[in-house]
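Report on the structure given below.
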Amino acid sequence: MAGGNPWPDRRSALPTKPDIDRSPESAAKRTTDGEPLVAVRDLSVHFAIHGNFVQRLAGREAGSVKAVDGVSFDLPRGEVLGVVGESGSGKSTLGRALMGLVAPTAGSIRYRGQEVAGVSERAFRPLRRKIQMVFQDPHASLNPSMDLETALAHPLRIHGAPAGAETRQQVRDALDRVGLSPVERFLHKLPGDLSGGQKQRAVIARAIILGPELLVADEPVSMLDMSVRAKILELMLELKHELDLTYVYITHDLATAKFFCNRIAIMYLGRIVEIGPTAEIFAEPRHPYTKALLAAIPEPDPRRSVPRDLPRGEIPDAASPPRGCHFHPRCPRAFEPCGWQPRDLRDLLEAHWASVGVDAYERERAVVGDVDSLNDMRETAVLRPGRGGSVTNVRQLLERLRSDTPDEPLWRGVRDIDDDGHQVLVHFRDHRDPVLVRSGQAHVACHLFDQETPG
């Protein structure tokens, strides 16, 4: 019933600090019908780049940002799935796609067997009683001119609950559940009167007031003081236990994900590169990117020296992601089939020139022509001699670099180097897009674990 209490009052039956079982086995047992609560298959969300004025006038697009690029996973009822990655990895876009806030470019999202990807806002609205979101910034999530009683009653009114004593009681119950008590003290407070932790509690109260099954929490503690982060996470776990909630927990913080999640999905440039039980991800990370993320976790003891084998370079542009494995340009273990292309050779040359003296740079730079043209996705890199060089000089430079840096992963992807008398041709080996394959209890998208990948 639209105006009824969405959850029974089970608080009196709970211990003060409930012992919450967060194991994957427990989550699987809570899926009563054998089907996942949410099933995502090959989901892609691309945002068009409209380019300059002339291109927009002609109706042409300059490309697209592949924010989410072929993501698949199942979410059993009662599970907490952590989605972890650096900024720009596509985590928040994935969460917004689950909420119907952005339209998928391709793929499927099924909630309790019902396809929800790409449906209209009008068709999705009834589902918002069961799928809610907690956003990163609690201050921006609340209307500064609404007191808490009005703000929490607002979703009830949208979904047909009449104003009256029953709605007011639901608001009081929600505030009490999230620890904003005595309730009378908070009912008529504006967001500006609250601390950051109190605002986030109010946002959580508004999210649970409709009695949802799934909460998408997008960095819910990242903007809070360290002193209140653990309290908010403990509150969310208590609500999970009390209200039988399922979470998608989006974060860049592996430490909170370890505390909060049953499973963790590691995202990089729009793709899931590893997914598995939290304990296994931390004890035995498989993908080189997962290992790099774990190596970057700060060590609180200043007396301990922890090796930092961090990936080289910067995150590539999502509008033009690397071919094959998106992580291969930064990966120390990349090899033949990972997806080498001409711009990888350009990056190698530029990194080399950044490490040599001015005289050596000017001498070598005169040998090679325009390296900015090495920016395509072809299987062959074409290097033309500069004004101060020849085809022979260019080949000698490349062979010297190869002998000086035999451990550079790029050379494993080079099939051969030849020339046609006018330009040097660097031919790369065939590539394969990695897919998630099982390894232990986890799945990893890395050719090192794919038995079907040659080499």
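The values are calculated or read from the model by the stated rules, or taken from the named source; none is laboratory data. Quantities reported herein were computed from a predicted structural model and do not represent experimental measurements. Every residue, glycine among them, receives a Cβ derived from its backbone with ideal geometry; neighbour counts consider all protein chains shown. What goes into the accessible areas is simple: the full protein's heavy atoms, side chains included, and nothing from ligands, DNA or RNA. Shrake-Rupley method; radii C 1.70, N 1.55, O 1.52, S 1.80 Å.
With the requirement that a residue be aliphatic (A, V, I, L, M), part of a helix (DSSP H, G or I) and open to solvent by less than 40 Å² (accessible area, probe 1.4 Å), what does the stretch 337-371 give you?
Within the stretch 337-371, LEU345, LEU348, LEU349, ALA360, VAL367 qualify.
Kindly list, by first and then second residue, each pair from a residue in the stretch 62-76 that is free of Cβ contacts under 8 Å to residues at least 24 places away in the same chain to a residue that is not charged (D, E, K, R), limited to pairs with Cβ atoms under 8 Å and residues at least 6 apart or on different chains.
ALA62/ILE49; ALA62/HIS50; ALA62/GLY51; ALA62/ASN52; ALA62/GLN55
Six or more apart or on different chains, Cβ under 8 Å: which pairs go from a residue in the stretch 121-147 that's without any contact (Cβ under 8 Å) to a residue 60 or more places away in the chain to one that's aliphatic (A, V, I, L, M) and open to solvent by less than 80 Å² (accessible area, probe 1.4 Å)? Could you list them?
Hits for this filter: PHE124/VAL116; LEU127/VAL116; ASN143/ALA151; PRO144/LEU190; SER145/LEU190; MET146/LEU190; ASP147/LEU187; ASP147/LEU190.
Within the stretch 390-403, is there a residue that is surrounded by 13 or more Cβ atoms within 10 Å (Cβ to Cβ), in contact with a Lys or Arg (Cβ under 6 Å, 6 or more places away or on another chain) and at pLDDT 90 or above?
no
Name the one entry in ASP193, ASP218, ASP173 that is of a type outside the set (A, V, I, L, M) and touching a Ser or Thr at 6+ places or on another chain (Cβ under 6 Å).
ASP218
Looking only at the stretch 122-153, filter to residues that are outside any helix (DSSP H, G or I) and of a type in the set (S, T, N, Q); which one of those is nearest to LEU215 (Cα to Cα)?
GLN132
Which one is surrounded by the most Cβ atoms within 10 Å (Cβ to Cβ), of the residues in the stretch 68-95 that are modelled with pLDDT of 95 or more and touching a Phe, Trp or Tyr at 6+ places or on another chain (Cβ under 8 Å)?
Filtering the stretch 68-95 for residues that are modelled with pLDDT of 95 or more and touching a Phe, Trp or Tyr at 6+ places or on another chain (Cβ under 8 Å), the one surrounded by the most Cβ atoms within 10 Å (Cβ to Cβ) comes out as VAL83.
Can you say whether PRO332 is in contact with an Asp or Glu (Cβ under 9 Å, 6 or more places away or on another chain), open to solvent by 60 Å² or more (accessible area, probe 1.4 Å), touching a residue at least 12 places away in the same chain (Cβ under 8 Å) and outside any helix (DSSP H, G or I), as far as the supplied structure shows?
yes
Table: residues versus (1) among the hydroxyl-bearing types (Ser, Thr, Tyr); (2) closer than 30 Å to ARG229 by Cβ.
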{"site": "SER89", "(1), (2)": "yes, yes"}
{"site": "VAL102", "(1), (2)": "no, yes"}
{"site": "GLY107", "(1), (2)": "no, no"}
{"site": "ARG110", "(1), (2)": "no, no"}
{"site": "VAL116", "(1), (2)": "no, no"}
{"site": "ARG128", "(1), (2)": "no, yes"}
{"site": "GLN132", "(1), (2)": "no, yes"}
{"site": "ASP137", "(1), (2)": "no, yes"}
{"site": "LEU142", "(1), (2)": "no, yes"}
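Of the conditions (1) touching a Leu at 6+ places or on another chain (Cβ under 9 Å); (2) crowded, with 20+ Cβ neighbours inside 10 Å, ASP419 fails just one. Which one is it?
(2)
Select from the stretch 154-175 the residues that are without any contact (Cβ under 8 Å) to a residue 40 or more places away in the chain and open to solvent by less than 60 Å² (accessible area, probe 1.4 Å) and list them in ascending order.
VAL171, ALA174, LEU175
Restricting the first residue to the stretch 177-199 and requiring it to be closer than 19 Å to ASP225 by Cβ, which pairs with a second residue that is open to solvent by less than 20 Å² (accessible area, probe 1.4 Å) and part of a loop (DSSP other than H, G, I, E, B) meet a Cβ separation below 7 Å and a spacing of at least six or different chains?
PRO191/LEU142; GLY196/LEU224; GLY197/LEU224; GLN198/LEU180; LYS199/LEU142
Can you pull out the residues in the stretch 132-161 that are of a type in the set (Val, Ile, Thr) and touching a helix residue (DSSP H, G or I) at 6+ places or on another chain (Cβ under 7 Å)?
Across the stretch 132-161, the qualifying residue is only VAL134.
Select, from GLY211, GLY197, GLY160, the only residue that is part of a loop (DSSP other than H, G, I, E, B), under 26 Å from LEU237 (Cβ atoms) and modelled with pLDDT under 95.
Every option except GLY211 fails the conditions.
With respect to SER222, determine if the residue is farther than 23 Å from VAL84 by Cα, assigned to a loop (DSSP other than H, G, I, E, B) and of a type in the set (S, T, N, Q).
Considered against the rule, which asks whether it is farther than 23 Å from VAL84 by Cα, assigned to a loop (DSSP other than H, G, I, E, B) and of a type in the set (S, T, N, Q), SER222 comes out as no.
Please find, among LEU401, LEU410, LEU374, the residue that is within 30 Å of HIS287 (Cα to Cα) and part of a loop (DSSP other than H, G, I, E, B).
Only one candidate passes the filter, namely LEU374.
What is the residue count in the stretch 96-114 for residues that are in a strand (DSSP E or B) and modelled with pLDDT of 95 or more?
6
Could you give me the residue pairs with C-beta distances under 8 Å whose first residue belongs to the stretch 216-244 and is among the polar types (S, T, N, Q), whose second residue is part of a loop (DSSP other than H, G, I, E, B) and open to solvent by 30 Å² or more (accessible area, probe 1.4 Å) wherever it lies, and which are 6+ apart or on separate chains?
That search, which allows pairs on different chains as well, returns SER222/GLN136; SER222/HIS252; SER222/ASP253.
What are the residues in the stretch 245-260 that are open to solvent by 10 Å² or more (accessible area, probe 1.4 Å) and in contact with a Cys (Cβ under 9 Å, 6 or more places away or on another chain), if any?
Scanning the stretch 245-260 gives no hits.
Among residues belonging to the stretch 285-312 that are assigned to a loop (DSSP other than H, G, I, E, B), at pLDDT 80 or above and in contact with a helix residue (DSSP H, G or I) (Cβ under 8 Å, 6 or more places away or on another chain), point out the one that is surrounded by the fewest Cβ atoms within 10 Å (Cβ to Cβ).
ARG312
Can you pull out every residue in the stretch 435-455 that is surrounded by 15 or more Cβ atoms within 10 Å (Cβ to Cβ) and in contact with a strand residue (DSSP E or B) (Cβ under 8 Å, 6 or more places away or on another chain)?
Residues satisfying the conditions are LEU436, VAL437, ALA442, HIS443, VAL444, ALA445, CYS446, PHE449, ASP450.
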